[in-house]
1. Within the group Asp145, Asp164, Asp152, Asp188, which residue is within 16 Å of the ligand (Cβ to nearest atom) and touching a Cys at 6+ places or on another chain (Cβ under 8 Å)?
2. In the range 226-247, what count of residues is obtained for those that are free of Cβ contacts under 8 Å to residues at least 60 places away in the same chain and in contact with a Phe, Trp or Tyr (Cβ under 8 Å, 6 or more places away or on another chain)?
3. Run down Leu50, Leu83 and say which single residue is open to solvent by less than 10 Å² (accessible area, probe 1.4 Å) and outside any strand (DSSP E or B).
4. I'd like to know if the range 53-74 contains one or more residues that are within 30 Å of Asp26 (Cβ to Cβ), part of a loop (DSSP other than H, G, I, E, B) and out of contact with any helix residue (DSSP H, G or I) (no Cβ under 9 Å at 6 or more places or on another chain).
5. Within the set of pairs 6 or more residues apart or between chains, which connect a residue that is away from the ligand (no atom under 12 Å from the Cβ) inside the range 112-132 to a residue that is among the charged types (D, E, K, R) with Cβ atoms less than 8 Å apart?
6. Do we have any residue at all in the range 266-273 that's under 18 Å from the mean Cα position of the chain (by Cα), within 16 Å of the ligand (Cβ to nearest atom) and surrounded by fewer than 19 Cβ atoms within 10 Å (Cβ to Cβ)?
7. Under 6 Å by Cβ, and 6 or more places apart or on different chains, what pairs join a residue from the range 296-321 that is assigned by TED's automatic domain parsing to the domain that holds Lys242 with one that is charged (D, E, K, R) and within 16 Å of the ligand (Cβ to nearest atom)?
8. Of the numbered conditions (1) assigned to a helix (DSSP H, G or I); (2) modelled with pLDDT of 95 or more; (3) surrounded by 19 or more Cβ atoms within 10 Å (Cβ to Cβ), Gln258 satisfies every one except a single condition; which is it?
Amino acid sequence: MNPGTRRAVVAGIGSYVPDKVLTNQDLERVVDTSEEWIVTRTGIHERHILEDHLTTSDMAVEAASRALRHAGCPASEVDLVLLATVTGDYVFPSTACVVQEKLGLTNAGAFDIGSSCSGFIAALSTGSAFVQSGTFKNVLVIGADAISRLVDWKDRNTCVIFGDGAAAVLLRPGFGDRGILSCYLKSDGAGCRYLYQPAGGAKMPPSLDSITNRLHYIRMDGRETFKQAARSMTQAAFEALKMAGLETTDVDLMVPHQANIRIIQAAVQRMGLPMDQVAVNIDRYGNTVAASIGLALDEAQQNGRVTAGDNILMVGFGAGLTWGGIVLRWGV
Ligand code: UT7
């Protein structure tokens, strides 16, 4: 490590989940499923669902406010807002702009990043590059998704795995040995049909047909996605560690995307990490898409599982297909 190098440190963190909880028993009344199937195949016991009168920007604002408070950063000092989401308030403009206005971040630029479940990794990598290059000082990175708005509540293959939430971090420059040490991003567009929303975009604008055929909801090839996720998350972990000049044994905490407990276990086993060094909260939140990694990281820091100097390995995987990893040395 080279002390004196400018890199992005996490100066503050916050998260938010809606109050409304949907249990597996609730789902048993909606689709042909069972508590036993959901728990054994996914590890999920319950998830939070956004109330009808709220939207993605409301969750993002709450998480971001907490991160700014944690960092002691006034609204006027935020230079850039990066919001990872696939469930923005509108198709356009970006939800980052809505958040910027709601939080009064009058001196900030703002844009969205649509990398689905690896969105937090993509946004954090982008924010890190801006901070490291000296382009911006205070960069607010948010992952927020109201994925329940795209879930087909008649499709048991998808409706049991998702939940809503938001998480945010404030990045700032640091000049010691802490902060974001490496970022690895990869994608394979050949897999775009494994997980997508067929209608609503320019390829298939909304029509009576698209609505009748339920094409505005998520379509997922669960088995294929599962196979790719376990393989890609392991690859992302090893690549990010290599770029940081670290080994698996240097990892104090791994924070993976929470898609399925079996995916996490498979990736962790391939890496040779003990499960007690892995942040897992899928049981209570399900797959919260772009929020999931930040939500697990915030929970870990609130529970005292991270201390200054710890090496944190974050890995994500999602639609696109996209995957990536970040090594963060905790502290400012
Ligand atoms: O966020 C990143 C992207 N997403 C993911 O990474 C998700 C990855 N995929 C998964 O997590 C899993 O594939 C699922 C949880 C979606 C499905 O689990 P699985 O073990 O792969 O099940 P399967 O699709 O192989 O289906 C096995 C059986 C099928 O019945 P048959 O054909 O064997 O009779 C399904 O119809 O389980 C049935 N099934 C269900 N049964 C009860 C599928 N969903 C359900 C359900 N309740 N909710």
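1. Answer to the check: Asp152.
2. Result for the range 226-247: 0.
3. So the residue among Leu50, Leu83 that is open to solvent by less than 10 Å² (accessible area, probe 1.4 Å) and outside any strand (DSSP E or B) is Leu50.
4. Filtering the range 53-74 down to residues within 30 Å of Asp26 (Cβ to Cβ) leaves 53-66.
Adding the requirement that they be part of a loop (DSSP other than H, G, I, E, B) leaves 53-55.
Restricting the remaining residues to those that are out of contact with any helix residue (DSSP H, G or I) (no Cβ under 9 Å at 6 or more places or on another chain) gives 53-54.
Yes, the conditions are met somewhere in the range 53-74.
5. If the second residue must be among the charged types (D, E, K, R), the pairs left are Ser128/Arg7; Val131/Arg6; Val131/Arg7; Val131/Lys137; Val131/Arg172; Gln132/Arg6; Gln132/Arg7.
6. Checked the range 266-273: no residue is under 18 Å from the mean Cα position of the chain (by Cα), within 16 Å of the ligand (Cβ to nearest atom) and surrounded by fewer than 19 Cβ atoms within 10 Å (Cβ to Cβ).
7. Leu321/Asp188
8. The one condition Gln258 does not meet is (1).
The values are calculated or read from the model by the stated rules, or taken from the named source; none is laboratory data. Since the model is a prediction, treat every value here as computed from it, not as a measurement. All Cβ positions, glycine included, derive from the backbone under ideal geometry; neighbour counts span all protein chains shown. Each accessible area value is taken on the protein alone, full model and side chains, heavy atoms only, with ligands, DNA and RNA left out. Shrake-Rupley method; radii C 1.70, N 1.55, O 1.52, S 1.80 Å.
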